[in-house]
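Peer 1: Below is a structure I'd like to ask you about.
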Amino acid sequence: MRKRRELADRNSVRLRNHLKQHRARLDLTQEKLAERVGVRRQTILAVEKGHYAPSALLALLLARALEMSIDELFELEFKEEGEP
């Protein structure tokens, strides 16, 4: 288990997602998924590439649209010390 201090350090954690894989599983384009959750296609692209961390509401909407739970769709990845 990680120390509390490490968990609070936002620079040592990254939000990974499996959005692209599960979107493909349902044969959804970025555009179609964007329509389902009420955002622009560029937002879906940014989330997929890890350039944008979605709000809790958007994460819930994405998970529901992809017929899965949030923790199946998103996960925290912890960086090791010295990693960029």
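The values are calculated or read from the model by the stated rules, or taken from the named source; none is laboratory data. The shown structure was predicted, so the numbers you read here are calculated from the model rather than taken from an experiment. Note that we place each Cβ from the backbone using ideal geometry, even for glycine, and neighbour counts take in every protein chain shown.
Peer 1: Take the range 14-57 and flag every residue that is under 14 Å from E75 (Cα atoms) and among the hydrophobic types (A, V, I, L, M, F, W, C).
Peer 2: Within the range 14-57, L15, L19, V47, A53, A56 meet the criteria.
Peer 1: So, in the range 50-81, exactly how many residues are hydroxyl-bearing (S, T, Y), in contact with a helix residue (DSSP H, G or I) (Cβ under 9 Å, 6 or more places away or on another chain) and exposed (fewer than 13 other Cβ atoms within 10 Å of the Cβ)?
Peer 2: 1
Peer 1: Could you check the range 31-52 and list, in sequence order, the residues that are of a type in the set (S, T, N, Q) and under 17 Å from R64 (Cβ atoms)? Spell out the reasoning first.
Peer 2: Filtering the range 31-52 for residues of a type in the set (S, T, N, Q) gives 42-43.
The one that is of a type in the set (S, T, N, Q) and under 17 Å from R64 (Cβ atoms): T43.
Peer 1: I would also like to ask the following. Could you check how many residues of the range 1-40 are part of a strand (DSSP E or B) and either modelled with pLDDT of 95 or more or surrounded by 13 or more Cβ atoms within 10 Å (Cβ to Cβ) (or both)?
Peer 2: Within the range 1-40, residues that are part of a strand (DSSP E or B) and either modelled with pLDDT of 95 or more or surrounded by 13 or more Cβ atoms within 10 Å (Cβ to Cβ) (or both) number 4.
Peer 1: Report the residue count in the range 41-76 for those that are touching a residue at least 40 places away in the same chain (Cβ under 8 Å) and in a helix (DSSP H, G or I). Step through it out loud before you land on a result.
Peer 2: Step one: of the range 41-76, the residues touching a residue at least 40 places away in the same chain (Cβ under 8 Å) are 62, 66-68, 72-76.
Checking which are in a helix (DSSP H, G or I) leaves us with 62, 72-73.
Residues flagged as touching a residue at least 40 places away in the same chain (Cβ under 8 Å) and in a helix (DSSP H, G or I) within the range 41-76 amount to 3.
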